[in-house]
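Some notes on the structure that comes next.
The values are calculated or read from the model by the stated rules, or taken from the named source; none is laboratory data. Fair warning: this is a prediction, and the values are worked out from it, not measured in the lab. Here Cβ is always computed from backbone atoms with ideal geometry, including for glycine, and neighbour counts include all displayed protein chains.
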Amino acid sequence: MRIVVAMSGGVDSSVAAGLMVEAGHEVVGLTMKLRDATATEREGRAEGSCCSPDDLRDAASVCEALGIPHYVVDYRDAFRKAVMEPFARAYLDGQTPNPCVLCNDHLKFAALVTRSKALGAAQLVTGHYARVVETASGSHELRAAFDTRKDQSYFLFGLTQKALAFTRFPLGEMSKDEVRATALRLGLPTWDKPDSEDICFVPDGDYARVVTEILTEIGEPRRPSRGALIDESGRVIGQHDGVHRFTVGQRKGVGASSEGRRYVLGVDAATGTINVGPPERLMASGLLARDAHFISGRAPGPDDVVTARIRYRHVGEAATVRVDGPHLDVRFLSPVRAITPGQAVVFSDGDLVLGGAWIVRSQELKPGADAVSPTASHS
Amino acid sequence: MIYFDHNATAPIDVEALRVAIATVSAAPANPSSVHAAGRRARAAVERARLQVALALDVKPSELTFTSGATEALHLAVAGLVRSGDHVLISAVEHAAALGACHRVGAQIEVVDVDGFGRLTPEAFARRLRPETRLVIVMRAQNELGNLYPVAEIAAAVAPVPVLCDVTQAFGKIPVRIPELGVRAAVISGHKVGAPSGVGVLYAAPGACTRPVFMGGPQERGRRAGTENVLGIVALGEVCARLDERVKRTHELGPLRDRLADELRARLLGFHEHGDAAARLPNTLSFRLEGLAGDLVLPAMDLEGFCLSSGSACASGSLTPSPVLLALGLSEASAREGLRVSLGQGTTTVEIDRFLDVFPPVVARIRAVLLEN
């Protein structure tokens, strides 16, 4: 069987390819070229995290070691339009975007699936930590990886049945240690390459600079608004350089008051206001989300209790989900901390990923009432 | 594996390489050394220079060995042009020629081609200015296979000197430098079966004496650095049998034409590029509507066929072919470009095999694209 493996140049996708070769498949490595080298990468000042020119070379040398063909696919334009531009524009709206989900939805599990089929492949394999399970009825489920510390199913909630039917994640049943041991056993040159945790086009972690660079490149005249830091009593406690430097729950750049630590409670891009306050004000018992996608095609019933994760690394909180026109109304059984507009809320039932949606804002439930109002931090 | 990418690099001429290895083994020395082994290496280099000179119909003293055509172009341009000089260059030149002009800070004016990639002497003559110092035009275009009337262009722009890139023509059609009427010309070893890493600059007496690499007296002070003896000897050996090579390439014409005719008959949206009236016998440049070259190329590679989308350099940089853009194609169409370039070993069986495999692969890709 001909199988395409999406190879980022990291150890995970290297091992995925190695396992497919070992299983006797005809394996083809594809690496997406998503962007040009940044100035820092060209000057060798920062290690690229994913899909940098060095990673392309690493992917090629792994394929060489495995004796399989390797091709580079130029998705620079698509990546810019589908991922980098929305990323930068989200900050203009005071949101904290999640570009990895967009990349999965629009490139890896859309364009790359089509390309793999065009190459005559029967499957697309990636090095994600997640699992695809085929049900008795022939539909496909997305399930969390066995290694819960590495599980990446959060980023994959947007996968369609069509994409899942074509995709496999061979690392879903392995631990990271097993993956590294396998890389060593297979003699893959990436066996000791550090894990990448950053967003690939922000390898040095300087989000503010990258946002400004993208906005300049796409000719967007607007810039993230500047304004005041305002505490819970409405007092101006300082000025800031742009709303893109703040995310809900952040402490850095906010300062402390005599009463103790303060956190960003909300970002209002329209006025440039950053609301800050004590940590207990970060707690909220509900949220509103948009553009929901459910993998089975059906949303949970209004009385079903599911687990909702509001960011990657969030362990999840029991919640109910109601479809409300174009929105999802998510209510947590216990309050959650720092609901962040722009991030995804992802629902699961045990290890079964049900789907997810994009967070618009948090909202506070009035006990015993159906009507909800936004939390104070966003008013 | 079936190799249809001879314009990128020709397979090594094993006989020439064998002679080169034997020569270098018998003279394991630096050609600049005064001892016997050094003198033998020097003699081998000079013998090769004579072989290349005979093939090009020029004097050995007019040739400078370089690391390849790119360096030869830089040496030529550096010798003929100074910063600010006006240079006329065809729109379909190799990127190395353009790069060499940028390197010296020339004032570059591009001479456009028509939709078939054709160039006329008048187009160059019209753009001449009093300060024009150089005209650059190739004899054969690497992506399209088009042949250009270099002698006529040289006559039309005289006395402005012409630099001719004969890299792609050399070994495929007869090339006699005196007939071209040019001041300088360049060739590359790996296009004719020598190893990569050797090239030649022809320069008329007194021209192109300004070195780019300095620090040694090699090549009469025009190019410092120890000579690539192995590559030079192999190139010389290839040149000694160049007529056979040209004859064999000529015989590829009917194979190329049959391939083009069959593809046109079998595939929807097939468009051939280039000048049917004047082109290399081995090159077929075409596109298939709606099919990006970067989809077709890997798919055919998996079936064991080596093709290219545009030039090898352009496929590495993943951008639409500048040559196809120069024909007036849109960016999307330029990304659809494919090139089949046949060579010395190409057989009818290989063409048949390609015709068996290519249409079904195209059909599969089109079906997938239609469905998504």
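Inspect all residues belonging to region B:265-287 and state whether any of them is away from chain A (no Cβ under 14 Å), more than 26 Å from B:Leu119 (Cβ to Cβ), in a loop (DSSP other than H, G, I, E, B) and out of contact with any Asp or Glu (no Cβ under 9 Å at 6 or more places or on another chain). Let's see the steps before the verdict.
Here is the first cut: in region B:265-287, the residues away from chain A (no Cβ under 14 Å) are B:265-287.
With more than 26 Å from B:Leu119 (Cβ to Cβ) added as a condition, the list becomes B:265-269.
Keeping just the survivors that are in a loop (DSSP other than H, G, I, E, B) gives B:267-269.
Checking which are out of contact with any Asp or Glu (no Cβ under 9 Å at 6 or more places or on another chain) leaves us with B:267.
Yes, because at least one residue in region B:265-287 is away from chain A (no Cβ under 14 Å), more than 26 Å from B:Leu119 (Cβ to Cβ), in a loop (DSSP other than H, G, I, E, B) and out of contact with any Asp or Glu (no Cβ under 9 Å at 6 or more places or on another chain).
Please specify each residue of region B:341-367 satisfying the condition of being surrounded by 18 or more Cβ atoms within 10 Å (Cβ to Cβ), in contact with a helix residue (DSSP H, G or I) (Cβ under 8 Å, 6 or more places away or on another chain) and more than 24 Å from B:Arg279 (Cβ to Cβ).
Listed by number, the residues that qualify are B:Val361, B:Ile365.
Return the pairs, sorted by first residue and then second, in which the second residue is of a type outside the set (Asp, Glu) and buried (at least 19 other Cβ atoms within 10 Å of the Cβ), the first residue lies in region A:112-135 and is in the same structural domain as A:Val353 (by TED's automatic domain parsing) and without any contact (Cβ under 8 Å) to a residue 24 or more places away in the chain, the beta carbons are less than 9 Å apart, and the residues are 6+ apart or on different chains.
none
Answer with yes or no whether B:Leu291 is over 19 Å from the mean Cα position of the chain (by Cα) and within 14 Å of chain A (Cβ to nearest Cβ). Outline the logic, then answer.
Details: over 19 Å from the mean Cα position of the chain (by Cα): yes; within 14 Å of chain A (Cβ to nearest Cβ): yes.
In short, yes.
Please go through region B:320-359 and give me each residue that is among the acidic types (Asp, Glu) and free of Cβ contacts under 8 Å to residues at least 60 places away in the same chain, ordered by number.
Applying the first criterion (among the acidic types (Asp, Glu)) to region B:320-359 yields B:331, B:336, B:350, B:352, B:356.
Of everything in region B:320-359, those that are among the acidic types (Asp, Glu) and free of Cβ contacts under 8 Å to residues at least 60 places away in the same chain turn out to be B:Glu331, B:Glu336, B:Asp352, B:Asp356.
For region A:70-94, which residues satisfy the criterion of being under 14 Å from the mean Cα position of the chain (by Cα) and not aliphatic (A, V, I, L, M)?
Selection gives A:Pro86, A:Phe87.
Can you tell me which residues in region A:9-36 are away from chain B (no Cβ under 12 Å) and in contact with a strand residue (DSSP E or B) (Cβ under 7 Å, 6 or more places away or on another chain)?
Answer for region A:9-36, where residues must be away from chain B (no Cβ under 12 Å) and in contact with a strand residue (DSSP E or B) (Cβ under 7 Å, 6 or more places away or on another chain): A:Gly9, A:Ser13, A:Ala16, A:Ala17, A:Met20, A:Val21, A:His25.
Filter region B:312-321 down to residues that are surrounded by 20 or more Cβ atoms within 10 Å (Cβ to Cβ) and away from chain A (no Cβ under 11 Å) and give me whichever is modelled with the highest pLDDT.
B:Ser321
Return yes or no: is B:Ser309 hydroxyl-bearing (Ser, Thr, Tyr), without any contact (Cβ under 8 Å) to a residue 60 or more places away in the chain and within 12 Å of chain A (Cβ to nearest Cβ)?
Values: hydroxyl-bearing (Ser, Thr, Tyr): yes; without any contact (Cβ under 8 Å) to a residue 60 or more places away in the chain: yes; within 12 Å of chain A (Cβ to nearest Cβ): yes.
It is true that B:Ser309 is hydroxyl-bearing (Ser, Thr, Tyr), without any contact (Cβ under 8 Å) to a residue 60 or more places away in the chain and within 12 Å of chain A (Cβ to nearest Cβ).
Restricting to region A:335-352, and then to whatever is closer than 19 Å to A:Pro300 by Cα and of a type outside the set (Val, Ile, Thr), can you tell me which residue is surrounded by the fewest Cβ atoms within 10 Å (Cβ to Cβ)?
The first filter runs over region A:335-352 and keeps only residues closer than 19 Å to A:Pro300 by Cα, leaving A:344-352.
Still in the running and of a type outside the set (Val, Ile, Thr): A:344, A:347-352.
On the way: A:Ala344: 25, A:Phe347: 27, A:Ser348: 21, A:Asp349: 12, A:Gly350: 9, A:Asp351: 19, A:Leu352: 18.
Restricting to residues being closer than 19 Å to A:Pro300 by Cα and of a type outside the set (Val, Ile, Thr), the top hit is A:Gly350.
Do we find that B:Glu179 is at pLDDT 95 or above, of a type in the set (D, E, K, R), under 18 Å from B:Arg42 (Cα atoms) and surrounded by fewer than 24 Cβ atoms within 10 Å (Cβ to Cβ) in this structure? Explain how you work it out, then say what you get.
Values: at pLDDT 95 or above: yes; of a type in the set (D, E, K, R): yes; under 18 Å from B:Arg42 (Cα atoms): no; surrounded by fewer than 24 Cβ atoms within 10 Å (Cβ to Cβ): yes.
Here the answer is no, as B:Glu179 does not meet what is asked.
Tell me which residues, restricted to region A:174-205, are under 25 Å from the mean Cα position of the chain (by Cα) and on the phi > 0 side of the Ramachandran plot.
Initially, region A:174-205 is screened for residues under 25 Å from the mean Cα position of the chain (by Cα), giving A:174-180, A:190-205.
A:Gly205 - this is the single residue of region A:174-205 that is under 25 Å from the mean Cα position of the chain (by Cα) and on the phi > 0 side of the Ramachandran plot.
Output the number of residues of region A:129-171 satisfying the condition of being of a type outside the set (Lys, Arg) and in contact with a strand residue (DSSP E or B) (Cβ under 7 Å, 6 or more places away or on another chain). Let's see the steps before the verdict.
Initially, region A:129-171 is screened for residues of a type outside the set (Lys, Arg), giving A:129-130, A:132-142, A:144-148, A:151-161, A:163-167, A:169-171.
Right, trim to in contact with a strand residue (DSSP E or B) (Cβ under 7 Å, 6 or more places away or on another chain) and you get A:130, A:132-135, A:140-142, A:144-145, A:151-154, A:156-159, A:161, A:164-167, A:169-170.
Going through region A:129-171 one residue at a time, the tally reaches 25.
Within the bounds of region B:328-340, is there any residue that is in contact with a His (Cβ under 8 Å, 6 or more places away or on another chain), surrounded by fewer than 18 Cβ atoms within 10 Å (Cβ to Cβ) and either away from every other protein chain (no Cβ under 12 Å) or at pLDDT below 95 (or both)?
no
Can you pull out every residue in region A:58-82 that is free of Cβ contacts under 8 Å to residues at least 40 places away in the same chain, within 20 Å of A:Gly10 (Cβ to Cβ) and away from chain B (no Cβ under 13 Å)?
So in region A:58-82, the residues free of Cβ contacts under 8 Å to residues at least 40 places away in the same chain come out as A:60, A:64, A:77-78, A:81-82.
Within this subset, residues satisfying the condition of being within 20 Å of A:Gly10 (Cβ to Cβ) are A:60, A:64.
Answer for region A:58-82, where residues must be free of Cβ contacts under 8 Å to residues at least 40 places away in the same chain, within 20 Å of A:Gly10 (Cβ to Cβ) and away from chain B (no Cβ under 13 Å): just A:Glu64.
With respect to the numbered conditions (1) under 15 Å from B:Val160 (Cα atoms); (2) touching a helix residue (DSSP H, G or I) at 6+ places or on another chain (Cβ under 6 Å), which one is the sole condition not fulfilled by B:Pro130?
(2)
If a residue must be within 14 Å of another protein chain (Cβ to nearest Cβ) and surrounded by 21 or more Cβ atoms within 10 Å (Cβ to Cβ), how many such residues does region A:118-153 contain?
Qualifying residue count, region A:118-153: 4.
Just one of (1) among the small types (Gly, Ala, Ser); (2) touching a helix residue (DSSP H, G or I) at 6+ places or on another chain (Cβ under 7 Å); (3) surrounded by fewer than 16 Cβ atoms within 10 Å (Cβ to Cβ) trips up A:Ala318, so point out which.
(2)
Just give me the residues in region A:240-270 being surrounded by 11 or more Cβ atoms within 10 Å (Cβ to Cβ) and either assigned by TED's automatic domain parsing to the domain that holds A:Pro97 or touching a Lys or Arg at 6+ places or on another chain (Cβ under 7 Å) (or both), in sequence order.
A:His240, A:Asp241, A:Gly242, A:Gly249, A:Arg251, A:Gly253, A:Val254, A:Gly255, A:Arg261, A:Tyr263, A:Leu265
Quick check: anything in region A:316-330 assigned to a loop (DSSP other than H, G, I, E, B), without any contact (Cβ under 8 Å) to a residue 40 or more places away in the chain, in contact with a Ser or Thr (Cβ under 9 Å, 6 or more places away or on another chain) and not assigned by TED's automatic domain parsing to the domain that holds A:Ala163?
If we filter region A:316-330 for residues that are assigned to a loop (DSSP other than H, G, I, E, B), which is where we start, we get A:316, A:325-326.
Restricting the remaining residues to those that are without any contact (Cβ under 8 Å) to a residue 40 or more places away in the chain gives A:316, A:325-326.
With the extra rule that they be in contact with a Ser or Thr (Cβ under 9 Å, 6 or more places away or on another chain), the set shrinks to A:316.
Filter once more, keeping what is not assigned by TED's automatic domain parsing to the domain that holds A:Ala163: A:316.
Yes, region A:316-330 contains at least one residue that is assigned to a loop (DSSP other than H, G, I, E, B), without any contact (Cβ under 8 Å) to a residue 40 or more places away in the chain, in contact with a Ser or Thr (Cβ under 9 Å, 6 or more places away or on another chain) and not assigned by TED's automatic domain parsing to the domain that holds A:Ala163.
Take the residues in region B:255-264 that are without any contact (Cβ under 8 Å) to a residue 12 or more places away in the chain and out of contact with any strand residue (DSSP E or B) (no Cβ under 6 Å at 6 or more places or on another chain), then tell me which one is nearest to the other protein chains (Cβ to nearest Cβ). Write out each step before concluding.
Let us first name the residues in region B:255-264 that are without any contact (Cβ under 8 Å) to a residue 12 or more places away in the chain, namely B:257, B:261, B:264.
Of the ones still in play, those that are also out of contact with any strand residue (DSSP E or B) (no Cβ under 6 Å at 6 or more places or on another chain) are B:257, B:261.
On the way: B:Asp257: 29, B:Asp261: 26 Å.
By that ranking, first place goes to B:Asp261.
Hey, does region A:87-107 have a residue that's within 16 Å of A:Leu30 (Cα to Cα), hydrophobic (A, V, I, L, M, F, W, C) and within 13 Å of another protein chain (Cβ to nearest Cβ)?
Scanning region A:87-107, I find no residue that is within 16 Å of A:Leu30 (Cα to Cα), hydrophobic (A, V, I, L, M, F, W, C) and within 13 Å of another protein chain (Cβ to nearest Cβ), so the answer is no.
Scan region B:295-306 and tell me whether some residue there is away from every other protein chain (no Cβ under 14 Å) and touching a Leu at 6+ places or on another chain (Cβ under 9 Å).
Going residue by residue through region B:295-306, those that are away from every other protein chain (no Cβ under 14 Å) are none.
Looking through region B:295-306, none of the residues is away from every other protein chain (no Cβ under 14 Å) and touching a Leu at 6+ places or on another chain (Cβ under 9 Å).
Within region A:189-229, can you find the residues that are aromatic (Phe, Trp, Tyr) and either part of a helix (DSSP H, G or I) or closer than 13 Å to A:Leu92 by Cα (or both)?
First pass over region A:189-229, keeping only residues aromatic (Phe, Trp, Tyr): A:191, A:201, A:207.
Selection gives A:Tyr207 alone.
Scan the strands (runs of 3 or more DSSP E) fully inside region B:1-119 and keep the ones with 2 or more residues being under 23 Å from the mean Cα position of the chain (by Cα) and surrounded by fewer than 19 Cβ atoms within 10 Å (Cβ to Cβ).
Numbers: elements: B:63-66, B:86-90, B:107-111.
It comes to B:107-111.
Within region B:137-151, does at least one residue satisfy the condition of being over 30 Å from B:Gly193 (Cβ atoms), surrounded by fewer than 23 Cβ atoms within 10 Å (Cβ to Cβ), modelled with pLDDT of 95 or more and among the small types (Gly, Ala, Ser)?
Initially, region B:137-151 is screened for residues over 30 Å from B:Gly193 (Cβ atoms), giving none.
No, region B:137-151 contains no residue that is over 30 Å from B:Gly193 (Cβ atoms), surrounded by fewer than 23 Cβ atoms within 10 Å (Cβ to Cβ), modelled with pLDDT of 95 or more and among the small types (Gly, Ala, Ser).
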